[in-house]
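First the structure, in the form of structure tokens, and then the observations on it.
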Amino acid sequence: MNAPARFVTEKGQPLYGITAEFATPAAVYHAAETIRDAGYRAWDVYAPFPIHGIDEAMGIKRTKLPLIVGAAAAVGVLLGYLLQWWGSNVGYQTVVQGKPFGSVTEGGWESFVPITFEVGVLLGSFATLIGMLALNGLPRHHHPLMKKDRFLRTSDDLFMICIESKDEKFDPDRVKELLKSAGGTNLDLVEDK
Amino acid sequence: MTQVASDAAGGPGFARSPWAARFPAMRAENISLPAGAGGALSGGLVLVGLGASVATLVMPMIGEAFKWKHAIASFHVGAITALTMSLGALFFCMVFHLVNAGWSVTVRRQFENVASLVWVGLALVTVSVMLSVWKGGEGLWSWMGMERGENYLLDKKSAYLNTPFFLLRLAIYAVVWLMLAGLMNFFSRKGDAEGGTEAAARARLVSAPGMLAFALTVAFAGFDWLKSIDFGFFSTMWGVYFFAGSAFVSVATVTMILAFLRRSGRLEGVVTVEHFHDLGKLMFAFCVFWAYIAFFQYFLIWYANIPEETAYYIHRKQGGWENLTTLLMIGHFVVPFLILIQRGVKRNPTLLIAMAFWLIFMQVMDIFWMVRPAVYAGAPADAVPGATALPLDVLGILGPVALFFGLLIRKVVSSPLVPLHDPRMGEALTHKNYV
Amino acid sequence: MSALHPDESTAQRLAAGALPPRGSPAPGTGDGTLIDTPGVRSPLVLNNRSFGEVTNIICGYTENPPGRWWLPVFGLTSTIAGIGTLMILYLIITGVGTWGLTNQVDWAWDITNFVFWIGIGHAGTLISAILCLFKQKWRTAVNRAAEAMTIFAVICAATYPGIHVGRAWMAWFMFPLPNANAIWPNFKSPLLWDLFAVSTYGTVSLLFWYMGMIPDLATLRDRADLRLRKFASGPVLSPLLPIRIDRIRAYAYGFLSLGWRFSSRHWHRYEAAYLMLAGMSTPLVLSVHSIVSTDFATAQLPGWHTTIFPPYFVAGAIFGGFAMVLLLLIPCRELYPNMKDFVTLRHLENMAKILLVTGMMVGFAYSMEFFIAWYGANKFEQDVFVYRATGPYWWAYWAMISCNVLSPQVFWIKALRQSPLVIFIVSVFITIGMWFERFVIIVSSLHRAWLPGEWHMFYPTLVDILIFVGTFGIFTTLFLLFLRVIPVFAMAELKAVMPQADPHGHHDDDHHHGHGEVHAPKGGH
């Protein structure tokens, strides 16, 4: 911690955030709308599966991932074509069945279509997985929330909202009040350690 | 229960719809057009269509410069374009029923409307077939005027390629398609009148064997009306190729209808941006599918380089036709691919109208590419007319297509814009693409 | 309105917060699985399961000891796999002469088996990608197993190109790698496209499978972690090596799940990524078998060169792959407790319908080939097709036709396509038929080409047979291991399609209208 923590728990540990539990997707969905409308930014909904429409309820902007994937696929298409063009025209010229060596300008590009496509898809797919993980800040094997036994149940059937202390609007009492009024139960302080 | 749904807005069919009570968007004025709407446009298009068609087919009688074969070919391009719209729509009607699709209920009526006009395409194709039969060797199918023993390949194929059988097949296709399109519309209108789930279940029952009949007839119709123009050429993929184009153009047509209906203030909250998104996806998917089929058909023939197959493509890669081939590659695949892959475009009905126009034009070009180069194949260079023949091409294509759209507008206006009572309507009205 | 739709009873039970006794559902609905009325959706998960029960059941498959059947079956399959592997070693040491290949029939079982397995591998991606794009919610119950099957089938398939080159240690020459001879591969060869297609396919399928698994692995991690925190002791690896199994689980699943913590901001990108992978896998899966088909279709050999091969191979691959999915899932359904709640009769019926459709597509392609062979007026082409049906390999041809085209026709009858036993039997036939299809294409075209002096029959050797049988051993062994260590169902996806997952109540049609508008019950059921 470079800067001193804005909030500490009774044990003197910096505060990561405050969590509240919800029993159903509908409850957490409506709570998310409330918190979005209250103007918080650093907060999250934890759910065992993607709840339909929760992005809208939380006010999440659409991800930029498609652009990354598109760019990677385009690079793949280009690399795939260049590999073949170079291999057939420069690296090792071979005449096969009297066909041209192969290039867009001089004909014979047809033979290059399958591999060009495959390499494009290959790079695009890697970019999808790696891009998704990178944008999500994963892999990250330690997280303050994971210290909480109850939190681990969000991978089973529990729904949770955590408002983080780094939010500019964060104020412990008001946050607790908000979470309670939104229907949250078992409010808990999460220490940042 | 004889009340049919062509009632004016607010008729009994509307009132009984259980959905009207639950979804305000299902109010009668939102899901129907007043009788006679678009009458001027429709009438104008029909007149233009008839005029252009007649002009095309009269020109060869007047001027020596206009060849019968050319006139019929141009007219045939327009006729086949109109036919493929209906065939693709018929396919989608049956698929929607077969897979019990929920989202598509609010758009299905327009597919049914387009499919029900299969008689127009059939009638137009019959005209070009009959004219060719009448003109024999001067007609579009040169083999119709050839004698036995004149050509080895034709002799081998004569059990299939002979005029009586050709006409018989036309009749078989016509019966199958008219019946299927008729049944799809019949059950849909029956659902409008009666409600309940019976009609939808029946439509599904018909669709399963219907799809089998459809697949076979479409494939052979493609062989007959497009492939056999060049009787030396053969390709097992041809039926799929013909189908791919049909599916593609029918989605474009329906998207265009729906987008125009939305612009005229109808279908508010019924056909939403989510439906346009899905229609856009279908356009995108079939644009890729068409490219896949078209590419592999060409690719395998190009690679194996067997003379009797390659001739077809060689002819389309020289003499100026290579420009059309390039246009198809770029305009039928690359451009729509790059545009339609974007989410924003698929969710913008105005842009989709532009795309739909473009795609219909590309379907015309695709059929043109199949038919037109055959007209002067093998003719000496000085016998090939340049721009002088342009009126034939423009009028010939414009005629059938304008006629089709004119009749389509009348059809769209004539009944409620959605199947009123479809049991899956609720799903369609609340349809949402979450990702 | 007398009967209650199962989804509604689930919702009511969950709304009440209490678990009513698990009695039989309302009379007249059965369990609701086979409802066929348009507008009524059959439940995807039976027995009114809650999220917690779903987690417990599915994680239980990997956490609890397997049934008594598992070990003997595993012993059998791994023995077969071992024999196959030994035979592959023997082949590599001795050379491809140990196969029954001849000068004329120089491709036979090797490529038949390659195409057979790679075809089977297509169903997984079809289910995960194409059905995902079509928003077919029922896919969630079968996609994990099908994707696993894909990977294992690709492994079996990929063996063959490697070993059939003869000098297997030179197989790296297939890749475009710089080498001392300054030789680059022939990029104009279908065999090289095939290499790229299959390896891309294998890689992307693995990525897709893995990405779908991340949340479920995290669930297993959390459960192991919770047990470690709660209980001071638990099962250990062995008395000599007292490491708690849950600790191994927590570390292994923890490592693989990359710290996934079920954040909705993560889910948002995850769903977008999943959709994009599905979007790329769909053309990929079409391209792979299309490219496999170019191995044959670009040649000028009669019977091989036909333009319909790409889509025909794809349809056949889906056909054979679905049959294999059913062959694996139907026994699993019987052997694992509660699996019938997730893989319902409706799932099986849907897959039976896909078998019927793709079987007829394949039949369509067979008839087009025959018709065009005649219509093309090429003597050689015509004769090859006549030989196929009436020549020395007539039995292979008619086995193919009867298994692939005729046997699925029983699915026109509702009662038969809803019977797991019938579906299983037909799937066996289809698997046999699809093997024969590749055999017919490859061997029957090669054995009668051009000059009568080149006409030869192909007779498989023991090595041929045992390697093929061995790949079945490898395939089933890997699948049995999969059942033990990986969540067999995509839990997160399965939960998302359960009725109680809808944040706007369980009625599909109340989505937008949940806020102050009408809340009428759906008519018709």
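The values are calculated or read from the model by the stated rules, or taken from the named source; none is laboratory data. Only a predicted model underlies this, so the values are computations on that prediction, with no experimental measurement involved. Cβ atoms come from the backbone with ideal geometry, glycine included; neighbour counts cover every protein chain shown. Ligands, DNA and RNA are excluded from the accessible area calculation, which covers all protein heavy atoms including side chains. Shrake-Rupley method; radii C 1.70, N 1.55, O 1.52, S 1.80 Å.
Could we say that C:Gly124 is on the phi < 0 side of the Ramachandran plot and in contact (Cβ under 8 Å) with a residue 40 or more places away in the chain here? Against the criterion (on the phi < 0 side of the Ramachandran plot and in contact (Cβ under 8 Å) with a residue 40 or more places away in the chain), C:Gly124 qualifies.
Figure legend. Inter-residue proximity from the range A:93-104: first residues in the same structural domain as A:Ile115 (by TED's automatic domain parsing), second residues surrounded by 10 or more Cβ atoms within 10 Å (Cβ to Cβ) and of a type in the set (D, E, K, R), beta-carbon distance below 6 Å, spacing 6+ or different chains. Indicated pairs: A:Val96/C:Lys188; A:Pro100/A:Glu106. Restricting attention to the range B:18-40 and to residues that are assigned to a helix (DSSP H, G or I), more than 13 Å from chain C (Cβ to nearest Cβ) and farther than 18 Å from B:Leu258 by Cβ, the residue that is most open to solvent (accessible area, probe 1.4 Å) turns out to be B:Ala40.
Of everything in the range A:137-159 that is facing chain C (nearest Cβ under 7 Å) and open to solvent by 10 Å² or more (accessible area, probe 1.4 Å), the residue that is farthest from the chain's Cα centre (by Cα) is A:Asp149.
When the residues of the range C:192-237 are narrowed to those that are aromatic (Phe, Trp, Tyr) and within 7 Å of chain A (Cβ to nearest Cβ), which ends up most open to solvent (accessible area, probe 1.4 Å)? Talk me through it step by step, then tell me what you get.
So the first thing to find is which residues in the range C:192-237 are aromatic (Phe, Trp, Tyr), and the list is C:193, C:196, C:201, C:208-210, C:231.
Next cut, within 7 Å of chain A (Cβ to nearest Cβ) only: C:193, C:196.
Values: C:Trp193: 1, C:Phe196: 29 Å².
Residue satisfying both the conditions and the ranking: C:Phe196.
If you take the residues of the range C:269-282 that are open to solvent by 20 Å² or more (accessible area, probe 1.4 Å) and more than 7 Å from chain A (Cβ to nearest Cβ), which of them is nearest to A:Ala73 (Cα to Cα)? Walk me through how you get there before you give the answer.
Taking the range C:269-282 first, the residues open to solvent by 20 Å² or more (accessible area, probe 1.4 Å) are C:269, C:271, C:275-276, C:279-280, C:282.
Right, trim to more than 7 Å from chain A (Cβ to nearest Cβ) and you get C:275, C:279, C:282.
Values: C:Leu275: 15, C:Gly279: 12, C:Thr282: 15 Å.
Looking at the filtered set, the residue picked out is C:Gly279.
Criterion applied to A:Glu56, A:Glu21, A:Glu10 was being modelled with pLDDT under 90 and closer than 23 Å to C:Ala501 by Cα, and the one residue passing it is A:Glu56. Set side by side, the residues B:Phe223, B:Phe233 differ, and just one is open to solvent by less than 10 Å² (accessible area, probe 1.4 Å), closer than 30 Å to B:Ile306 by Cβ and free of Cβ contacts under 8 Å to residues at least 40 places away in the same chain, which is B:Phe223.
Listed conditions (1) within 11 Å of chain A (Cβ to nearest Cβ); (2) open to solvent by 50 Å² or more (accessible area, probe 1.4 Å); (3) outside any loop (DSSP other than H, G, I, E, B); (4) under 26 Å from C:Asp106 (Cβ atoms) are all met by C:Trp169, apart from (1). Residue pairs whose Cβ atoms lie under 7 Å apart, separated by 6 or more positions or on different chains, with the first residue in the range B:338-358 and closer than 14 Å to B:Arg263 by Cα and open to solvent by less than 50 Å² (accessible area, probe 1.4 Å) and the second in a helix (DSSP H, G or I) and β-branched (Val, Ile, Thr), are B:Leu352/B:Thr255.
For (1) within 14 Å of chain B (Cβ to nearest Cβ); (2) modelled with pLDDT of 90 or more; (3) assigned to a loop (DSSP other than H, G, I, E, B); (4) open to solvent by less than 30 Å² (accessible area, probe 1.4 Å), each residue gets a yes or a no:
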residue: C:Phe472; (1), (2), (3), (4): no, yes, no, no
residue: C:Phe479; (1), (2), (3), (4): no, yes, no, yes
residue: C:Leu483; (1), (2), (3), (4): no, yes, no, yes
residue: C:His519; (1), (2), (3), (4): yes, no, yes, no
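Considering C:Tyr336, C:Tyr366, the condition of being at pLDDT 90 or above and out of contact with any His (no Cβ under 7 Å at 6 or more places or on another chain) is satisfied by C:Tyr366 alone. Of the helices (runs of 4 or more DSSP H) lying entirely inside the range B:276-389, those containing at least 3 residues that are within 14 Å of chain C (Cβ to nearest Cβ) span B:307-315. Which residues, taken from the range B:104-130, are among the hydrophobic types (A, V, I, L, M, F, W, C) and open to solvent by 30 Å² or more (accessible area, probe 1.4 Å)? Hits for the range B:104-130 are B:Trp119, B:Ala123, B:Val127, B:Met130. When A:Ala73 is tested against (1) buried (at least 21 other Cβ atoms within 10 Å of the Cβ); (2) facing chain C (nearest Cβ under 7 Å); (3) not charged (D, E, K, R), exactly one condition is not met: (2). For the range B:258-270, indicate whether the set of residues that are crowded, with 21+ Cβ neighbours inside 10 Å, hydroxyl-bearing (Ser, Thr, Tyr) and more than 11 Å from chain C (Cβ to nearest Cβ) is non-empty. Among the residues of the range B:258-270, not one is crowded, with 21+ Cβ neighbours inside 10 Å, hydroxyl-bearing (Ser, Thr, Tyr) and more than 11 Å from chain C (Cβ to nearest Cβ), which makes the answer no. Scanning the range C:49-62 for residues that are in contact (Cβ under 8 Å) with a residue 24 or more places away in the chain, within 14 Å of another protein chain (Cβ to nearest Cβ) and either open to solvent by 30 Å² or more (accessible area, probe 1.4 Å) or touching a helix residue (DSSP H, G or I) at 6+ places or on another chain (Cβ under 7 Å) (or both) yields C:Arg49, C:Ser50, C:Phe51, C:Val54, C:Thr55, C:Ile58, C:Cys59. The single condition from (1) free of Cβ contacts under 8 Å to residues at least 24 places away in the same chain; (2) open to solvent by less than 10 Å² (accessible area, probe 1.4 Å) that C:Phe385 fails is (1).
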